[in-house]
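Only the coordinates and a few stated rules stand behind these numbers; no lab work does. None of these values were measured; they are calculated from a predicted model.
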Amino acid sequence: MSYFSKYVILIILVKVLFVILAVSHLYLQFRHKSDSETDKKIVYWKERVEFVFITLMSLLLIYLFNPRSTIDAKLDFETKLLLYLFGFILLITAKWGLFFKESKVFIKIQKVV
């Protein structure tokens with residue numbers, strides 16, 4: 001197994017861990033236990049795992065699309081799936097509230113509407 005394949009598997013495992021932590025957090029919120037110590041620990045680790053995932057995916061993008069590299073991009077199914085999911089994760093986790101609150105265009109639209 002190549003280093004690249006091992007790296008992709010590592011990214012997938014980190015993503016699975018993130019999903020498990022996110023589902024656990026949602027479950028505790030549903031059960032109205034979001035103030036518990038367990039939930040605080042889950043949120044703490046969920047944020048760290050998300051940061052690790054974003055870092056690993058960024059390094060993968062740098063490796064795949066390095067303009068000085070003579071190696072063709074290895075876009076197999078797993079890599080394409082990871083890049084696809086990475087795009088959604090970035091869109092979902094973006095701080096949209098900051099954008100909408102501070103944008104002058106949206107303030108003007110809100111005044112008109």
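Below are the figures for this structure:
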| quantity | calculated |
| --- | --- |
| Pairs beyond 27 Å (Cα-Cα), from Lys33/Lys80; Lys33/Lys111; Lys41/Lys80; Lys33/Lys95 | Lys33/Lys80; Lys33/Lys111; Lys41/Lys80 |
| Inverse of mean 1/r across different Cα pairs in the stretch 3-112, Kirkwood, Å | 16.6 |
